[in-house]
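Accompanying notes for the structure given below.
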Amino acid sequence: MKVALVVLADNETHEGLGRVVNAMVAARELHEGGDEVRLIFDGGGTVWPGELEGPDHVAHGLWESVHDVVAGACSYCADAFHATDGVQQAGVKLLDDYHRHPSFRSLLHDGYQVITF
């Protein structure tokens, strides 16, 4: 199975933390099960890589366990949410396939199921 998990939730609420954690848990489960997984940060979700990279963050260990399936973060949105530096410091690729955004059309044509958080 091919699955793209897209984190759109910002970090301004406890609910947002729950959404990014759920996305990472799903990424880990799918990856451990042998599925092809891409974790993508888009919109307000582009703030997460920089935050999760901090070793004192409550979800840092989970972040480390899924870092190898992180496909990237939207270049446009990272700029819009002032998250570009954090994305780069976390070693996450900036995606700019379609007008500085990730291409969801390409994912769908490549057979990925897209789930948003």
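The values are calculated or read from the model by the stated rules, or taken from the named source; none is laboratory data. Because the structure is a prediction, the values reported are computed rather than measured. Because the Cβ atoms are built from the backbone with ideal geometry, glycine has one as well, and the counts that use them run over all protein chains shown. The accessibility values were calculated without ligands, DNA or RNA, using every heavy atom of the protein model including side chains. Shrake-Rupley method; radii C 1.70, N 1.55, O 1.52, S 1.80 Å.
Structure values in brief
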item	result
Residues (open to solvent by 40 Å² or more (accessible area, probe 1.4 Å), assigned to a helix (DSSP H, G or I) and either closer than 19 Å to Thr84 by Cα or not charged (D, E, K, R) (or both)) located in segment 49-67	Glu51, Gly61, Ser65, His67
Subset of segment 1-25 [over 19 Å from Leu108 (Cα atoms) and in a helix (DSSP H, G or I)]	His14, Glu15, Gly16, Leu17, Gly18, Arg19, Val20, Val21, Asn22, Met24, Val25
Checking His14 against (1) buried (at least 19 other Cβ atoms within 10 Å of the Cβ); (2) more than 13 Å from the chain's Cα centre (by Cα); (3) more than 19 Å from Val3 (Cα to Cα), the condition it does not meet	(1)
Residue in segment 65-82 that is at pLDDT 95 or above, of a type in the set (A, V, I, L, M) and farther than 14 Å from Leu5 by Cα present	yes
Residue list for segment 87-101, filter: open to solvent by less than 20 Å² (accessible area, probe 1.4 Å) and either in a loop (DSSP other than H, G, I, E, B) or under 14 Å from Gly54 (Cα atoms) (or both)	Val87, Ala90, Val92
